[in-house]
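This report refers to the structure that appears directly beneath it.
The values are calculated or read from the model by the stated rules, or taken from the named source; none is laboratory data. Here the structure is a predicted model, which means the values were calculated and not measured. For neighbour counting, all protein chains shown are included, and Cβ atoms are generated from backbone atoms with ideal geometry for every residue, glycine included.
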Amino acid sequence: MVQKKYQNPKGGLNEAGRKYFKRTTGANLKPPVSRKKAKKSPKEASRRKSFCARMQGMKKKRTGSKTANDPNSRINKALRKWDC
């Protein structure tokens, strides 16, 4: 579970959270890609499409109906942040 100070209230991680994960695990996490950003770069559009497909599958398979329908659940916030 990620600490609250590293979570963006609107979904995903904030900049401090991405730096924390890079420091602790070596993972280089990138910020979310919205539709607007995706239009500018085919590489970013591909990344967004992949993320949305993967997260939609997780939402169906890995969450209960309560979490899936809760607008404040982390998975739904992330999907909104990415414009999925």
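If you go through segment 6-26 one residue at a time, do you hit one that is assigned to a helix (DSSP H, G or I), surrounded by fewer than 17 Cβ atoms within 10 Å (Cβ to Cβ), touching a residue at least 24 places away in the same chain (Cβ under 8 Å) and among the charged types (D, E, K, R)?
Taking every residue of segment 6-26 in turn, none turns out to be assigned to a helix (DSSP H, G or I), surrounded by fewer than 17 Cβ atoms within 10 Å (Cβ to Cβ), touching a residue at least 24 places away in the same chain (Cβ under 8 Å) and among the charged types (D, E, K, R).
Condition check ((1) basic (Lys, Arg); (2) in contact with a Ser or Thr (Cβ under 8 Å, 6 or more places away or on another chain); (3) closer than 15 Å to ASP83 by Cα) across all residues:
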residue: LYS4; (1), (2), (3): yes, no, no
residue: ASN14; (1), (2), (3): no, no, no
residue: PHE21; (1), (2), (3): no, no, no
residue: GLY26; (1), (2), (3): no, no, no
residue: PRO31; (1), (2), (3): no, no, yes
residue: SER46; (1), (2), (3): no, no, yes
residue: LYS49; (1), (2), (3): yes, no, yes
residue: ARG54; (1), (2), (3): yes, no, yes
residue: SER73; (1), (2), (3): no, yes, no
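Which condition does LYS19 not pass, out of (1) in contact with a strand residue (DSSP E or B) (Cβ under 8 Å, 6 or more places away or on another chain); (2) modelled with pLDDT of 90 or more, if it passes all the others?
Tallying (1) in contact with a strand residue (DSSP E or B) (Cβ under 8 Å, 6 or more places away or on another chain); (2) modelled with pLDDT of 90 or more, LYS19 fails exactly one: (1).
For segment 27-36, how many residues meet the condition of being under 25 Å from PRO71 (Cα atoms) and surrounded by fewer than 16 Cβ atoms within 10 Å (Cβ to Cβ)?
Total satisfying the criteria: 6.
How do the pairs read when you match residues in segment 67-84 that are modelled with pLDDT of 90 or more with residues anywhere that are acidic (Asp, Glu), using Cβ under 9 Å and keeping only pairs 6 or more apart or on different chains?
Correct list of pairs: ASN76/ASP70.
Go through segment 68-84 and report how many residues are part of a helix (DSSP H, G or I), in contact with a helix residue (DSSP H, G or I) (Cβ under 7 Å, 6 or more places away or on another chain) and closer than 22 Å to ASN14 by Cα.
Number of matching residues: 3.
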